[in-house]
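Data first, discussion second: the structure below is written as structure tokens.
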Amino acid sequence: MSRESLINAALLLGLAAVPLYAWATDEPFTITLATRVAILALAGVGLNIALGLGGLVSLGHAAFFGIGGYAMGILASHAQSYTPLMEVPFLIEGTKSMPVIWITAVVASALAALLIGVLSLRTSGVYFIMITLAFGQMFYFFAISWPAYGGEDGLSIYIRNDFPGLNTLDPIQFFGICFALLVLALWLNARLARSPFGLALNAARQNAQRVETVGLSPFRLRLAAFVISGAITGLAGALFADLNRFVSPTMFSWQMSGEIMVFIILGGVGRLYGPVAGAALFITLEHFLGGLSEFWHIYLGALLLGVVLFARGGVIGLLAGRKVAHD
Amino acid sequence: MTDPVLATHGITKSFGAVQASRDISLSLQPGEIHAVIGPNGAGKSTLIAQICGGLAPDAGRVEFLGQDVTPLPTRKRAAMGLARTFQISALAMEDTVLQNVTLGALGARGGPLGLLRNALKDQDLHDKAMTALDRVGLAGQASTVTAELSHGQRRQLEVAVALTLSPRAFVMDEPMAGMGTEGSHRMTAFLGELRDEAPILLVEHDMDAVFALADRLSVLVYGEIIATGTVDEIRNNPQVRAAYLGETA
């Protein structure tokens with residue numbers, strides 16, 4: 001086992017152990033913090049597929065995070081008010097079922113990613129960053145000005161959605177759900193990275209011309225990566241809304257996109273567990289430094305600066321050393 | 001004469017006032033090495049880009065396997081079996097040598113790429129990749145990271161990737177560049193045998209290699225082909241001597 005896989009295993013075990021300990025000692029708030037880490041890490045795993053594997057610096061992933069959130073908010077709000085979503089041409093009712101909400105969130109954010117990807121992947125570099133940012137902002141302002149679902153005030157969902165056989169209101173059980181989905185996404189990411197698709201995508205990031213001269217289309221590879229990436233971040237959005245039982249336009253804000261990217265940079269770009277390390281560090285800092293001062297972002301900024309200047313591989317890179325080519 | 005594998009018909013390309021290609025017609029016959037030589041700035045790279053698909057000609061057309069491929073993008077031409085190697089290595093530098101050749105085998109196979117299978121455990125891809133590496137003499141370097149290869153080895157790897165494509169024609173841009181004398185000799189011998197597999201359009205500065213390998217030569221000066229012929233014909237062509245060989249001989 002390489003050093004990096006040991007660190008990865010330790011991270012995952014730690015993320016599972018903290019809430020279990022908190023559960024045993026009856027500290028539900030710590031469980032909630034760990035759940036936040038798992039969900040935000042999941043959003044980061046999504047972005048990492050575009051950013052780490054594909055080299056696509058998307059500053060608009062809040063769009064997918066928000067779409068996931070609103071997929072949950074809209075379906076659950078209709079269910080709690082017993083009003084159908086639409087009646088013509090056919091009846092669609094709201095739902096409180098997590099699996100149905102997840103599928104809706106994944107499909108909706110994948111479609112959005114397809115649309116945004118088709119348009120923005122024609123550009124690259126700074127232009128790509130700007131155009132994805134612009135799409136994110138479009139969703140943000142749309143959510144603010146859409147009164148049907150709370151507009152600026154957002155939407156409150158009174159009771160957490162249901163998962164068959166589990167009591168989702170019990171913090172440790174909800175954590176279990178989020179953790180399981182995170183593990184699933186990490187597994188998927190690992191498989192993708194080694195697959196023929198991942199090999200070609202990774203090569204396209206390094207040298208698009210090479211990929212073209214063997215007869216493959218870098219554009220299609222990147223588009224596929226962007227769609228998978230958006231879908232996973234969308235799923236995280238649905239869980240995030242369920243955790244807070246609240247969804248608002250801030251889920252669409254560019255600061256959210258930035259935060260998801262910060263997880264990856266802190267943890268290590270292109271490292272499988274980078275988002276997990278990054279999100280854990282971010283939430284820990286937010287919790288402890290946030291208790292000291294409202295301006296804790298100053299310290300976060302300093303840390304980020306340090307990572308970018310001195311530890312390009314992020315926390316994982318610092319601990320595990322240089323990235324080794326996987327076989 | 002048989003039908004050419006690859007041909008250009010009256011290719012013309014201008015960048016502003018500069019005419020990089022003027023009415024270029026050349027052909028690549030089965031089993032031959034056709035070398036294009038010319039001084040720096042003669043328009044060799046522009047010509048290659050138009051043949052392989054990076055640039056669209058202003059006028060004229062490119063035919064490959066009897067089909068007009070002028071409107072096709074690079075990847076479609078590659079999929080038809082037009083294998084290109086680059087002057088400045090275009091490889092995935094962070095990846096291993098094996099990953100680079102596997103990519104070629106993957107492109108050659110066509111069809112959808114797998115999302116969940118392990119690319120390097122695919123026996124079919126692996127065999128193809130290793131065969132290609134073996135042929136260029138890089139089999140021992142399979143797990144080396146490409147960035148750690150010498151210039152000459154990168155050239156060999158470029159050729160190996162091209163081999164995985166089961167090519168119908170090669171377009172090689174200075175495959176000897178950056179190679180030592182010995183490496184250059186080995187590559188010359190290797191390319192000499194390769195012509196039986198698929199013809200090679202060779203752009204090369206190494207005149208020893210060109211004279212040793214080429215069945216035919218075309219001399220490109222200021223975007224124009226001033227002469228095409230056998231090595232002897234070109235050597236004795238006064239126009240060519242004045243324009244080009246005089247400078248280097």
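Observations, loosely collected:
Condition check ((1) out of contact with any helix residue (DSSP H, G or I) (no Cβ under 7 Å at 6 or more places or on another chain); (2) more than 24 Å from B:PRO73 (Cα to Cα); (3) at pLDDT 95 or above; (4) of a type in the set (D, E, K, R)) across all residues:
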{"site": "B:PRO4", "(1), (2), (3), (4)": "yes, no, no, no"}
{"site": "B:HIS34", "(1), (2), (3), (4)": "yes, no, yes, no"}
{"site": "B:GLY38", "(1), (2), (3), (4)": "no, yes, no, no"}
{"site": "B:GLY43", "(1), (2), (3), (4)": "yes, no, no, no"}
{"site": "B:THR46", "(1), (2), (3), (4)": "yes, no, no, no"}
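- Total residues in region A:104-148 satisfying the condition of being over 16 Å from A:ALA50 (Cβ atoms) and not in a helix (DSSP H, G or I): the figure is 2.
- With respect to the conditions (1) part of a helix (DSSP H, G or I); (2) away from every other protein chain (no Cβ under 14 Å); (3) touching a residue at least 60 places away in the same chain (Cβ under 8 Å), B:SER184 falls short on a single one, namely (3).
- The residue pairs whose first member lies in region A:293-317 and is part of a helix (DSSP H, G or I), whose second member is of a type in the set (Asp, Glu) and open to solvent by less than 100 Å² (accessible area, probe 1.4 Å), and whose beta carbons are closer than 7 Å, counting only pairs six or more residues apart or on different chains, are A:ILE316/A:GLU4.
- Qualifying residue in region A:157-169 (condition: without any contact (Cβ under 8 Å) to a residue 60 or more places away in the chain, away from chain B (no Cβ under 14 Å), more than 26 Å from A:ILE228 (Cβ to Cβ) and in a strand (DSSP E or B)): yes
- Scanning region B:19-40 for residues that are open to solvent by 10 Å² or more (accessible area, probe 1.4 Å) and in contact (Cβ under 8 Å) with a residue 40 or more places away in the chain yields a total of 11.
- Selected residue (only one of A:ALA180, A:ALA185, A:ALA190 is of a type outside the set (S, T, N, Q), in contact with a Gly (Cβ under 8 Å, 6 or more places away or on another chain) and not in a loop (DSSP other than H, G, I, E, B)): A:ALA185
- Per-region count, region A:250-264, residues touching a Gly at 6+ places or on another chain (Cβ under 7 Å) and of a type in the set (Gly, Ala, Ser): 1
- Residue in region B:109-135 that is most open to solvent (accessible area, probe 1.4 Å), counting only those that are at the interface with chain A (Cβ under 10 Å from one of its Cβ atoms) and part of a helix (DSSP H, G or I): B:LYS121
- Residue list for region B:234-244, restricted to those being assigned to a helix (DSSP H, G or I), free of Cβ contacts under 8 Å to residues at least 12 places away in the same chain and exposed (fewer than 14 other Cβ atoms within 10 Å of the Cβ): B:PRO238, B:ALA242
- Of all residues making up region B:41-59, the number that are open to solvent by 40 Å² or more (accessible area, probe 1.4 Å) and in contact with a Gly (Cβ under 7 Å, 6 or more places away or on another chain): 1
- Taking region B:69-96 as the range and being at the interface with another protein chain (Cβ under 7 Å from one of its Cβ atoms) and open to solvent by less than 30 Å² (accessible area, probe 1.4 Å) as the test, the residues that pass are B:THR74, B:ALA78, B:ALA90, B:LEU91, B:ALA92, B:ASP95, B:THR96.
- Any hit, region A:189-203, residues being within 14 Å of another protein chain (Cβ to nearest Cβ), surrounded by 23 or more Cβ atoms within 10 Å (Cβ to Cβ), under 26 Å from A:ALA9 (Cα atoms) and hydroxyl-bearing (Ser, Thr, Tyr): no
- Region B:199-215, subset part of a helix (DSSP H, G or I) and in contact (Cβ under 8 Å) with a residue 40 or more places away in the chain, residue most open to solvent (accessible area, probe 1.4 Å): B:MET207
- Applying the criterion of being within 10 Å of chain A (Cβ to nearest Cβ) and of a type outside the set (D, E, K, R) to the residues of region B:148-163, the residue that is surrounded by the most Cβ atoms within 10 Å (Cβ to Cβ) is B:VAL161.
- Residue within region A:284-306 that is within 30 Å of B:ASP95 (Cα to Cα), away from chain B (no Cβ under 14 Å), over 21 Å from the mean Cα position of the chain (by Cα) and open to solvent by 70 Å² or more (accessible area, probe 1.4 Å) present: yes
- In the set (1) closer than 30 Å to B:LEU165 by Cβ; (2) crowded, with 18+ Cβ neighbours inside 10 Å, A:GLY154 fails one condition alone, (1).
- Scanning region A:204-214 for residues that are crowded, with 24+ Cβ neighbours inside 10 Å and free of Cβ contacts under 8 Å to residues at least 40 places away in the same chain gives A:ARG210, A:VAL211, A:GLU212, A:THR213, A:VAL214.
- Evaluation of B:LEU65 against the conditions (1) touching a Ser or Thr at 6+ places or on another chain (Cβ under 8 Å); (2) more than 9 Å from chain A (Cβ to nearest Cβ); (3) among the aliphatic types (A, V, I, L, M) shows that the sole unmet condition is (1).
- Of all the residues in region A:221-243, those that are closer than 19 Å to A:LEU114 by Cβ and either more than 10 Å from chain B (Cβ to nearest Cβ) or at pLDDT below 95 (or both) number 15.
- One residue from B:ALA129, B:ALA49, B:ALA59, B:ALA119 being more than 18 Å from the chain's Cα centre (by Cα), closer than 19 Å to B:ILE24 by Cα and among the hydrophobic types (A, V, I, L, M, F, W, C): B:ALA59
- Condition met for B:MET172 (within 24 Å of B:LEU47 (Cβ to Cβ), assigned to a loop (DSSP other than H, G, I, E, B) and either more than 21 Å from the chain's Cα centre (by Cα) or more than 10 Å from chain A (Cβ to nearest Cβ) (or both)): no
- Restricting attention to region A:272-288, the residues that are modelled with pLDDT of 95 or more and acidic (Asp, Glu) add up to 0.
- A:MET138 meets all of the listed conditions (1) more than 20 Å from the chain's Cα centre (by Cα); (2) surrounded by fewer than 18 Cβ atoms within 10 Å (Cβ to Cβ) but one, namely (1).
- Residues that are open to solvent by 10 Å² or more (accessible area, probe 1.4 Å), assigned to a loop (DSSP other than H, G, I, E, B) and either acidic (Asp, Glu) or on the phi < 0 side of the Ramachandran plot (or both) do not occur anywhere in region A:232-247.
The values are calculated or read from the model by the stated rules, or taken from the named source; none is laboratory data. Everything numeric here is computed off the predicted structure, so don't read it as measured data. Here Cβ is always computed from backbone atoms with ideal geometry, including for glycine, and neighbour counts include all displayed protein chains. Ligands, DNA and RNA are stripped out before the accessible areas are found, and what is left, the full protein with its side chains, is counted by its heavy atoms. Shrake-Rupley method; radii C 1.70, N 1.55, O 1.52, S 1.80 Å.
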